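S.K.: Next up is a structure, given as C-alpha cells.
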Amino acid sequence: MATPTSTTLIYKAKSKLHGYGLFAKVDIKRGQKIIQYIGKSITYDECDEITSRRYKSAAAENRAYAFVFQVTKDYFIDGNVPNNLAKFINHSCNPNCESYIYRREVWIRALRPLKAGEELTFDYGFDILEGIASPCACGERGCVGYVMDKSYRSYFKKHVAPLME
Ligand SMILES: [Zn+2]
C-alpha cells in the first residue's frame, strides 16, 4: 500500500524539529479531530518484544521511537505501519495537539487553534527511561533535553539530570 502524504487537513513535509513532520493544510480549530493514529493491534507481550527490539536497533542512531500506543491493559496499537501518516507527528514539550483514545481508537486533536502551515506536535508521554533514549531539541520552555512526559520533567531535572553530568 502506498503511503499517503496528506489528508484534507494536513500534509507531510520536512520538519525543523526532526526528519519529516505533519503540517496544517488549513486553519484548524481547537479541539478538532485531526487524524487517526492507525496501526496493528497487538497484546502486552507483543508490545514488550517490539519496543525493546526497536529501542535496541535505534540506540546506534541515538534516537528511539517505539510508535506504540497503549489503549487498554492488554491492547496496544503498533503505529509502525506504512499507511499510518500520523506517525510522522513530532514530539514537542509545548505541544499544540494531543493524542486521545476514542472507542479503542487513537486520535490526534488540536489543543489550540492552528494556522495553516504550522507543524503539528504532541507530547509522546514517555517515562524517564524511554525519555533518556530520545533527545529532544524542541527548544520550548520546560524542555529538559529529552522527550519526556510533562509529569516527569521536574523530577528528572532535580533528581536524575545531576547524576548524568
Ligand atoms: Zn523538548
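S.K.: Divide the volume of the convex hull of the Cα atoms of the chain by its number of residues and quote the answer in cubic angstrom per residue. Walk me through the numbers before you get to the answer.
M.R.: Details: hull volume 21.4 nm³, N = 165.
Expressed per residue, the convex hull around the Cα atoms of the chain is 130 Å³.
S.K.: Here is a further query. Considering the options Ala133, Met164, Ser154, tell which one lies farthest towards the positive end of the dipole of the stretch 126-165, charges being +1 on Lys and Arg and -1 on Asp and Glu at the Cβ, about the Cα centre.
M.R.: Farthest towards the positive pole: Ser154.
S.K.: OK, next. Quick check: pseudo-label points 7 Å beyond the Cα along Cα→Cβ at Gln32 and Leu17, how many nm apart are they?
M.R.: Result: 1.8 nm between the two label points.
S.K.: When Arg141, Arg53, Arg153 are ordered from fewest to most other Cβ atoms inside 10 Å of their Cβ, what list results? Display every interim value, and only then the final one.
M.R.: Details: Arg141 7, Arg53 11, Arg153 18.
Fewest to most other Cβ atoms nearby, the residues stand as Arg141, Arg53, Arg153.
S.K.: Moving to a separate point now. Given R₀ = 30 Å, what would the calculated FRET efficiency be for Ala137 paired with Thr7, taking r from the Cβ atoms and rounding to 0.05?
M.R.: On the way: r = 27 Å, r/R0 = 0.90.
About 0.65, to the nearest 0.05.
S.K.: Further question on the same structure: Can you tell me what percent of all Cα-Cα pairs in the stretch 95-146 are more than 12 Å apart?
M.R.: Numbers: 943 of 1326 pairs.
For the stretch 95-146, the share of Cα pairs beyond 12 Å comes to 71 percent.
S.K.: Also, quick follow-up: In terms of modelled amide H atoms, which long-range or inter-chain residues lie less than 5 Å from the amide H of Ser134?
M.R.: Hits under the 5 Å cutoff: Val147.
S.K.: What ³J(HN,Hα) values, in whole Hz, does the Karplus curve 6.51 cos²θ - 1.76 cosθ + 1.60 give for the stretch 113-122 when θ = phi - 60°, with x put for Gly and Pro?
M.R.: Result, rounded to whole Hz: x, 10, 8, 3, x, 6, 7, 7, 9, 9.
S.K.: List, in the order given, every pair from Lys40/Lys115; Lys40/Lys158; Lys12/Lys40; Lys73/Lys158 whose Cα-Cα distance in the structure shown is over 26 Å.
M.R.: As for pairs spanning more than 26 Å Cα to Cα, those are Lys40/Lys115; Lys40/Lys158; Lys73/Lys158.
S.K.: A further question follows. First measure r as the distance between the Cβ atoms of Arg103 and Tyr44, then evaluate 1/(1 + (r/R0)^6) with R0 = 22 Å and state the FRET efficiency to the nearest 0.05. Don't skip to the answer; put the middle values down first.
M.R.: On the way: r = 20 Å, r/R0 = 0.92.
So the FRET efficiency works out to roughly 0.60.
S.K.: When a footprinting reagent is the concern and you count Cβ atoms within 10 Å, what order do Cys136, Cys97 take, fewest first? Present the calculation step by step, with values, prior to reporting the outcome.
M.R.: Numbers: Cys136 22, Cys97 26.
Lowest count first: Cys136, Cys97.
S.K.: Now for a separate question. Can you give me the long-range amide H partners of Ser92? Hydrogens built in the peptide plane at 1.01 Å from N, cutoff under 5 Å, separation of 5 or more residues or another chain.
M.R.: Phe122, Asp123, Tyr124
S.K.: Separate question: Hey, with R₀ at 25 Å, roughly what FRET efficiency would Lys56 and Lys25 work out to, going by the Cβ-Cβ distance, to 0.05? Present the calculation step by step, with values, prior to reporting the outcome.
M.R.: On the way: r = 37 Å, r/R0 = 1.46.
That gives a FRET efficiency of 0.10.
S.K.: Same structure again: With a point put 7 Å past each Cα toward its Cβ, work out how far Ser154 is from Lys115 in nm, to one decimal.
M.R.: If labels sit at Ser154 and Lys115, their model points lie 3.2 nm apart.
S.K.: Next question, about the same structure. How big is the charge dipole of the chain about its Cα centre, in debye rounded to the nearest 20, if each Lys and Arg gets +1 on its Cβ and each Asp and Glu gets -1 on its Cβ? Walk me through the intermediate numbers first.
M.R.: Numbers: 24 positive and 18 negative charges, 131 e Å.
Charge dipole of the chain: 620 debye, to the nearest 20.
S.K.: Could you list the square roots of 5 times each eigenvalue of the Cα gyration tensor of the stretch 126-165, that is, the equivalent ellipsoid semi-axes, sorted largest first and rounded to whole Å?
M.R.: Details: eigenvalues 37, 24, 21 Å².
For the stretch 126-165, the ellipsoid semi-axes come out as 14, 11, 10 Å.
S.K.: Let me ask something else. Give me the net charge of Ile50's neighbourhood, meaning all other residues with Cβ under 10 Å from the Cβ of Ile50; Lys, Arg count +1, Asp, Glu -1.
M.R.: Numbers: positive: Lys40, Arg53, Arg54; negative: Asp45, Glu46, Asp48, Glu49, Asp78.
Surrounding charge for Ile50 is -2.
Coordinate-derived values only; no laboratory data. The structure presented is a predicted model; accordingly, all values stated were derived computationally and were not measured. Positions of Cβ are generated from backbone atoms using ideal geometry, with glycine treated the same way; all protein chains shown enter the neighbour counts.
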